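See below for the structure under consideration.
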Amino acid sequence: MAKEIGGYVKLQVKGGQANPSPPIGPALGSKGLNIMEFCKQFNGRTQDKMGVVLPVVITYYKDKSFDFVIKTPPAAILLLEASKVKTGSAQPNRLKVGSVSWDQVRTIAETKMPDLNCFTIDSAMKMIAGTARSMGITVAGKAPWEENN
Amino acid sequence: MNYIEVALNVEPDYSEILVAELGELGFESFVETDEGLLAYIQEGDFDETELQNIVAKYLELTAIAATWKSLERKNWNEEWEKSYEPIEVGNQVRVRAVFHKPDPAFTYDLLIQPKMSFGTGHHETTWLVMNEQLSLPHQGLAIMDVGCGTGILAILGAKLGAVSLLGFDIDEWAVENTVENFEMNELSAETEVFQGTISKVPEGKMFGGILANINRNILLCEIPTYIQHLEPGGWLVTSGFYEVDQPDIEQCAIENGLKKLRSNTRNQWATVVFEKAKIE
């Protein structure tokens, strides 16, 4: 018989750096889950993504066991990586601090596709480009869907 | 170490941008809320001005409000610790809390009150290392426990005959907890526990056995240093990594002069035991 689900906990934690402090401690501890077990598993599974913020969805069961799914990093983090800037613009609407190509936007969109509410890669790319603009990162050149215009 | 919780009221579109920005400032983890975002950072790393600068630069684009508070240091794992089940390793070792009755059928009775530290035997890696310890020589040896957590591995080491234990961990909870657990088990071995890493172990301090249940990256970085502290003929037990990472660990240890004795796995987690060559 399938285990009875108690609920879900959604967190964003840096790869390889889960520890029993807040928010992990109170979020899991209040459900009676073994926090240290989660930290060991999460850190073990994210050794190749050290320091990258990763969304994680923990499913916990009535018997106090749990499992979890690690999602792709937020698009904003992938954009900072791709543009090689450490922070968004000081004045995102005026001052541009970096740029990415449409190919890079496509790569990020493809990475994020499983976690986005998008049906096509074009709509995912538009969403990623919107995030880039909000951070003061320009997307260089014409969008693929504009090239024939 | 206390933590700061920053509550940000912000539109969902800007939540993930703030996660990226705050992640670069040293914020460690985040929770999305109906109002926006909660962000967490160690008190010593929190810089109010840097936070205000981030908020200010997005204020022209969206409404953001930030408030913060310090969170008290607390044992969040208490609920689980109150009711954990004893763990058995083979038919010799039983790990239990003070509220469990001892079972005389087991040779080695370990008392562990975890208090938010890792190591009760419930996790595969702790179990795997303890299982290996049972067939490794401990009698009369000095043992080093790297990333000691609750101190469970060192405690078993002492019960198997080790005469000297050195344990250390980067986490202050773990250090306090190891000291408490050492006392609770009334060990006859000499014990030393400190907060820190292998870099604080004095050069020339040697051990007959080293227990290192940590993770892949730390092991790959530190195995050469462990070897410097390992006596000829001494053993090193590594764990805390998945089976897929085992070849990297073995390559690192062997390239640095160790010989693989054996390995084992449990639910995709692995342990590998190495030996340093004896001087002919």
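Worth pointing out:
- Breaking point among (1) crowded, with 19+ Cβ neighbours inside 10 Å; (2) part of a helix (DSSP H, G or I); (3) over 15 Å from the mean Cα position of the chain (by Cα), for A:A76: (3)
- One residue stands out among those in segment B:137-195 that are assigned to a strand (DSSP E or B) and not hydrophobic (A, V, I, L, M, F, W, C): the one that is most open to solvent (accessible area, probe 1.4 Å), which is B:E190.
- Answer residue from segment A:4-29, given it is open to solvent by 40 Å² or more (accessible area, probe 1.4 Å) and over 22 Å from B:E43 (Cβ atoms) and is nearest to the other protein chains (Cβ to nearest Cβ) among those: A:K10
- Of the strands (runs of 3 or more DSSP E) contained entirely in segment B:3-82, those carrying at least 2 residues that are open to solvent by 60 Å² or more (accessible area, probe 1.4 Å) and modelled with pLDDT of 95 or more fall at B:65-71.
- Condition met for B:F106 (among the aromatic types (F, W, Y) and surrounded by fewer than 21 Cβ atoms within 10 Å (Cβ to Cβ)): yes
- Boolean, B:E231 is surrounded by 15 or more Cβ atoms within 10 Å (Cβ to Cβ), in contact (Cβ under 8 Å) with a residue 12 or more places away in the chain and under 17 Å from B:A142 (Cα atoms): yes
- Only one of A:V56, A:V85, A:V97, A:V69 that is within 30 Å of B:T271 (Cβ to Cβ), β-branched (V, I, T) and within 11 Å of another protein chain (Cβ to nearest Cβ): A:V56
- Flag for A:K10 being assigned to a loop (DSSP other than H, G, I, E, B) and at pLDDT 90 or above: no
- Exclusive hit being more than 9 Å from chain B (Cβ to nearest Cβ) and either touching an Asp or Glu at 6+ places or on another chain (Cβ under 7 Å) or modelled with pLDDT under 95 (or both), set A:M1, A:M50, A:M36: A:M1
- Here B:K101 meets each of (1) in contact with a strand residue (DSSP E or B) (Cβ under 7 Å, 6 or more places away or on another chain); (2) farther than 22 Å from B:H229 by Cβ; (3) free of Cβ contacts under 8 Å to residues at least 60 places away in the same chain with one exception, condition (1).
The values are calculated or read from the model by the stated rules, or taken from the named source; none is laboratory data. Small disclaimer: the values here were computed from a predicted structure and weren't measured. Glycine gets a Cβ as well: all are built from the backbone with ideal geometry, and neighbour counts include every protein chain shown. Side chains are part of the model used for accessible areas, which takes the heavy atoms of the whole protein and leaves out ligands, DNA and RNA. Shrake-Rupley method; radii C 1.70, N 1.55, O 1.52, S 1.80 Å.
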